[in-house]
Every structure is written in structure tokens, then in C-alpha cells.
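The values are calculated or read from the model by the stated rules, or taken from the named source; none is laboratory data. Just so we're clear, the structure is a prediction, and the values are computed from it rather than from any experiment. Every residue, glycine among them, receives a Cβ derived from its backbone with ideal geometry; neighbour counts consider all protein chains shown. Protein only, heavy atoms only, side chains kept; ligands, DNA and RNA dropped before computing areas. Shrake-Rupley method; radii C 1.70, N 1.55, O 1.52, S 1.80 Å.
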Amino acid sequence: MTDEQFESLVARLEAEQARHPAGYRRKVLLLAVAGYAYIALVLAGSTLLLLASLALITKAAAAGIKLAIVFGAFFWLVVRAMWVKLDPPAGREVSRAEAPELFALLDDLQRALQVSGGFDHVRISDDFNAAVVQIPRLGVLGWHRNYLLIGLPLMKALSREQFAAVLAHELGHLAGGHAALGNWVYRLRLGWAQLAARLQQAQSAAGFVFRPFFSRYVPYFSAVSFPLARANEYEADRNSARLTSPTAAAAALTTVNVLGNFLENRFWPDLHKQANDHAQPRFSPFAAMGGAMTGGVNESDLARWLSEALARRTSVADTHPALVDRLHALAEQARLALPQPGQAADLLLGPALAPITEAFDRHWQEAIRSAWEQRHQQVQEQRRSLAALDARAAAGELNFDERYQRALLTDEVGSGEAAAREQLQALHAEDPEHAPVAYALGLRLLQVDDDAGIALVESAMVRDPEAIAPGAALLRDYHLRHGREVEAARWQQRWRERQELLYRAREERQQISAQDTFEAHGLSDAAVAALRRQLAGVPGLRKAWLVRKRVQHLPELPHLVLGFTATPWYLPRTAKRIRQTQDSIAEGVVFPGPAGVIGVEGGNAAIRRKMQKVAGGRLL
């Protein structure tokens, strides 16, 4: 199902839900039951086949035994596929004894919401999020184990009352009463999506039993149930407001949106920049995070992030409505209320807070150490390069490309974005047709909310196809940030079209067959000679041909194909030898452009014969 088909179906069903809510709910319920009906049908069918083959043994022993072996293997595949396992969510387990205040709050909320069964596990994660996660014990048959996942950063960002409102929202998805059907469907669509993803990843033969069905059923069920899931989010918000207060629910929603922006766009980027000057990540981000959120954000940034959050509009990209719609449904205004020092919800963890924070900080340091050290070394090299370019610039010795490189390094490791923008403006004035300069300047102008960057990015997209996808995404986000929904939608469509074209082009280039049309590679003599030298050093390579595949999508981007043989005439052909040679080519040969590599022996001999007919194709 394409994005356009998904959106069209959701729009039609939202209208149907508004006109005939009862009929729409019946449709979703019947479709949900159909998923289980398929499972039951496969299980029943495989069981009957096995029983029939066993019964046949008494009448025709040989035939019955053979069929029993075949159908027994099939029955085993069905059972194995049903028991596909999902990994539990990562996080540090907390017990009632460790955090009695947190569990007391959970008990009160579960009683008020008629949540039966409670939670098997409560885990603290390092994400800025809270969620109820259900992991099936019996694979596609269900019998879920409930996990409550709470992000430590989220607890540090909210007061206790705001945090209670967030928990009430999440627990609302497990509530009974009149919301039971909507909650069941809400959880089911998430569960089906998890199972479908795991089945797609499964490499065992067992996956074929359910994979084809779920790969089609799950996207359709997700679209059909989308309006009900969206309504379920509003219902969970109403529960949140009822159990705490509308003011607390609105403040929690607002604060989460704003401080989420702070963490993503300021806290973590600023921390990672410390790698420029410090060789080791000797920082404790989770210990410092609470103070940074409550006292380290300036008012202008808070106002800007709040404005951006309120400018976002509800879309089918997520079942969660946009902030402005959720506030409207609660009849509340945006309320940004940062917790006072010593009043954040992380104190609900009690004695467990300190060891959890320390453990997260240690894990962060260990996980990022390699990338941090690599970044530090890279920055030192970039600074040396920038110093050399600055010295030559003072002497007037830089050409255009070197000046462009200097501008980028100035922004990355030098005096900053403003100085880089000034250099890029001078370069653009000198050569307005230079697409990389136009894009780099446009990007930096948009970062400071200067509309002049729009035309620059658009001009770069016209001149450089590589800029189309990132440029469309950049313009979409910029217009969305400024509340220009029509323009944002136009660039979102352009981005989708480009992504679809790139996907089709990749798919077309990944497949090489005897039905393809091959043409002369079109490389220069020097490029061919360089390839021959590299190929001569590949162990086991016998013969090689180089051609260009004629493609339908993005034909302006040529795609080379190297066909090779690796089997001497006196040895039998083996897949292992061909694979080893192909891996050696992939690791040791640099092609002058995108290229595919394929062994043209055995079943691929027809490809070799077509390559042999292309003039100049033989390399070795």
C-alpha cells in the first residue's frame, strides 16, 4: 500500500466513522477477527492434514507414512511460525520495593481506569517517552505480557502532576469500560505491526506460512483501524484530564512538545559538539539533564519551540493528533510549565533514581566512546585543514572549490555559521549557477528563518538531482514550521515522488537478468585501464566483462554491470567460489560510478552471452 493509497483510505473511513460510527466500528471489529480467523484456519487445516495422513497409515501404510512425514513437517512449520518471538523493551527493571511512590501512583491510576491484570514489568528507559508495550507469550495467538516503559528524561521534564497525566494517558489504552473495544483494537494494530515486521525479518522456512498474509493484511488493517486509533488517543487524553485535571493534561502535552525540541535540537547536539575539544566522553548527560531543562533554556527558544509545536497539523503520519487539536479537544490553551527544582517526577523513583541515572550515564559513555573518539580525531584534522586554507586565503591563493570547502569547515569547526554564511554569499555572488553553494547558503538562511533561502534551495534542486530529496524535505519542514500548510504539503508530495522514483531506480538496478538490455560502458581508456589493474589483483577471477545496463528510471544516471567467471575449465563450479570472488571484487575494486557485480556462470550463462555481444565489453 502506497502512502497515497493509505491516506485516501483513511480519509474515506474518517468520513464513514463520522456518518455511521456503529457501522464503522463493526467493520473494524470484523476485520480484526479476520486476522485471528486466518490463524485458526491455517492451524486447523494443518492439523486435519496431519490427522488424515495418520489415519491413512492403517489402510495404506507406505503412502500414509510418506504423507504423515510431509504433513507433519508442514504442521511443525505452522507451529513454529505461530511462536514468533518479540524481544521485550529495553530498560532497567524497577520493583515496588525500590520505588514505592511510583507504584502507589500506578495503583491509583489502574483502579480508576479499571485496568485489569496490571503490569508484569515496569522498566525505566533512556528515551523521552512513556509507553505500554505488550509482548505475546504465544506468538500470533497472543496472551500478552504487559510492560510499562517510562523514560527517565520524560520524568525529569515533568512535575509529578504532569507525569501522572502522561501515565493516565498511557494506561488509558488498557482501560476497560466503554473504551474496551477501542483500546483492544488500538493495541491489536500495534501488535500486528510488530509481528508482521518480525515475520518479514525471519529467515526460517516457518515464516512462509504467515508472511504473505500479514504483509498485506497488516497495512490494510492499520489503515482501516486508523480513525478508531486516532479517536482512542483523544479518549486517552480525556482520561488523563479526568484523573488529574485538564490544566495538568494540557501542561503535560505542551511541556513534552517543547522540551522534546530542546533535547533534540539543543541538549544532545551541544553535548556531542564537546567531542570537538575533548578526546573522551567524560560527561554525565542524564545527571545534568534535569537542571538543563529547568534552568538552561532561554525564553526565546522556548517561545519558538512552542510556536513550532502549535503550528504542526494533524496528519496520517501518526495516530497521535497534533498538539493544537489535542488542546482544543480538552478545551484548554497551551500551558508551558517547567518543573521547579526538586519537584520533577523523577523523584518518584526514590532510592532507585541515583543508581539508574549513574547506569544510564555509564552506558551512554561506553556506547558513544568509539564514535566520540573518531569525531574528535576528525575535527582535529578538519581544524588543521581549515588553518591551512585560512593561511592561503589571506594570501589570495584559493580557487573557487577550496573557498567553498573553507566555508563549510568554518561552519563545522571554525568561527561558526554566521562567518560561513558570509563566505557562501560571496561565492554565490561570484557563481550563481553553482548548485552546492546555492544549497549550502539556502540551508543556512532557512536556519535563521530567512525566506531568501527558499529560492536558493529550489535553484539547487533544479541544477543538481542529488539535492531534490533533501531539498524537498528541508522546504517542507521550513514551511511547516512557519504554519504554511499548503506549501508544506506541496513539498511533502515532491519528496514522496522523488523517494518513490529513487526506490524504483534502486530496485531496477539491483536486479540483473538475461532480459536486460546491455550497452557499451562508455568509459574512457584511462578508466578502463584502471579497472583492469584492480581486477588483475582479485584472487580467483578468471574473466570479466563490463557493460552498461539500460534503465527506465533515472536513465541520466548510468549503471555499470561487471560480469565475471571464477571457475577454471578443469574444476566443478561451486557457489562458494563464485561468492568469494564476488566479495573480493566488492571489497577491492573501486568503480567509476554505481555498479553491480554478478557471476555469469551456470544459470547466468545467458547474461554472459549477451555481454559478449557488446563491443568493448571484455576486460579480462
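Open to solvent by 50 Å² or more (accessible area, probe 1.4 Å), under 20 Å from residue 592 (Cα atoms) and not small (Gly, Ala, Ser): does that describe residue 542? Walk me through how you get there before you give the answer.
Details: open to solvent by 50 Å² or more (accessible area, probe 1.4 Å): yes; under 20 Å from residue 592 (Cα atoms): no; not small (Gly, Ala, Ser): yes.
Answer is no for this residue.
Give me the residue from region 486-518 that is open to solvent by 90 Å² or more (accessible area, probe 1.4 Å) and under 21 Å from the mean Cα position of the chain (by Cα) and, out of that set, farthest from residue 2 (Cα to Cα). Even if it seems obvious, please write down each step before you answer.
Just the residues of region 486-518 that are open to solvent by 90 Å² or more (accessible area, probe 1.4 Å), to begin with: 486, 490, 494, 497, 503-504, 506, 510-511, 515.
Remaining after also requiring under 21 Å from the mean Cα position of the chain (by Cα): 494, 497, 503-504, 506.
Values: 494: 15, 497: 11, 503: 12, 504: 13, 506: 17 Å.
Across region 486-518, the extreme among qualifying residues is 506.
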Filter result (within 27 Å of residue 554 (Cβ to Cβ) and crowded, with 22+ Cβ neighbours inside 10 Å) within region 421-442: 437, 438, 439, 440, 441, 442
Which one of these is open to solvent by less than 40 Å² (accessible area, probe 1.4 Å) and either touching a helix residue (DSSP H, G or I) at 6+ places or on another chain (Cβ under 8 Å) or at pLDDT 85 or above (or both): 142, 191? 142
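Any residue in region 386-395 that is crowded, with 18+ Cβ neighbours inside 10 Å and either in contact with a strand residue (DSSP E or B) (Cβ under 9 Å, 6 or more places away or on another chain) or under 30 Å from residue 553 (Cβ atoms) (or both)? Give the derivation first.
Of all residues in region 386-395, those crowded, with 18+ Cβ neighbours inside 10 Å come to 386, 389.
Still in the running and either in contact with a strand residue (DSSP E or B) (Cβ under 9 Å, 6 or more places away or on another chain) or under 30 Å from residue 553 (Cβ atoms) (or both): none.
The answer is no, given that none of the residues of region 386-395 is crowded, with 18+ Cβ neighbours inside 10 Å and either in contact with a strand residue (DSSP E or B) (Cβ under 9 Å, 6 or more places away or on another chain) or under 30 Å from residue 553 (Cβ atoms) (or both).
Which of the residues belonging to region 306-323 are of a type outside the set (S, T, N, Q) and more than 30 Å from residue 193 (Cβ to Cβ)? Don't jump to the end; show me each part of the working.
Step one: list which residues in region 306-323 are of a type outside the set (S, T, N, Q), which gives 306, 308-313, 316-318, 320-323.
Matches in region 306-323: 306 only.
Per-residue answers, yes or no, for (1) assigned to a helix (DSSP H, G or I); (2) among the hydroxyl-bearing types (Ser, Thr, Tyr); (3) under 19 Å from residue 363 (Cβ atoms):
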position	(1), (2), (3)
260	yes, no, no
263	yes, no, yes
268	yes, no, yes
272	yes, no, yes
275	yes, no, yes
280	no, no, yes
307	yes, yes, no
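Is it true that residue 521 is under 39 Å from the mean Cα position of the chain (by Cα), crowded, with 17+ Cβ neighbours inside 10 Å and over 14 Å from residue 581 (Cβ atoms)? Break it down stepwise before answering.
Working: under 39 Å from the mean Cα position of the chain (by Cα): yes; crowded, with 17+ Cβ neighbours inside 10 Å: yes; over 14 Å from residue 581 (Cβ atoms): yes.
It is true that residue 521 is under 39 Å from the mean Cα position of the chain (by Cα), crowded, with 17+ Cβ neighbours inside 10 Å and over 14 Å from residue 581 (Cβ atoms).
Could you identify the single residue in 298, 276 that is surrounded by 15 or more Cβ atoms within 10 Å (Cβ to Cβ) and over 28 Å from residue 90 (Cα atoms)? Don't jump to the end; show me each part of the working.
Numbers: 298 fails: surrounded by 15 or more Cβ atoms within 10 Å (Cβ to Cβ).
Every option except 276 fails the conditions.
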Under 8 Å between Cβ atoms, at least 6 apart or on separate chains: pull out the pairs that start in region 91-103 with a residue that is touching a residue at least 12 places away in the same chain (Cβ under 8 Å) and end on any residue that is open to solvent by less than 40 Å² (accessible area, probe 1.4 Å) and in a loop (DSSP other than H, G, I, E, B). 102/94
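Looking at region 589-620, which of the residues that are open to solvent by less than 50 Å² (accessible area, probe 1.4 Å) and in a helix (DSSP H, G or I) is nearest to residue 558 (Cα to Cα)?
Going through region 589-620, the residues open to solvent by less than 50 Å² (accessible area, probe 1.4 Å) turn out to be 589, 591, 593, 595-602, 605-607, 611, 614, 617, 619.
Imposing the further condition that a residue be in a helix (DSSP H, G or I) reduces the set to 602, 605-607, 611.
Values: 602: 27, 605: 24, 606: 22, 607: 19, 611: 16 Å.
Among those that are open to solvent by less than 50 Å² (accessible area, probe 1.4 Å) and in a helix (DSSP H, G or I), it is 611.
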Among the residues of region 396-420, what is the count of those that are touching a Ser or Thr at 6+ places or on another chain (Cβ under 7 Å) and either loosely packed, with under 15 Cβ neighbours inside 10 Å or farther than 16 Å from residue 445 by Cβ (or both)? 2
Pairs where the first residue, in region 229-252, is farther than 14 Å from residue 170 by Cα and open to solvent by less than 10 Å² (accessible area, probe 1.4 Å) and the second is among the aliphatic types (A, V, I, L, M) and not in a helix (DSSP H, G or I), C-beta under 8 Å, 6+ apart: 250/330; 250/334; 251/336; 251/337
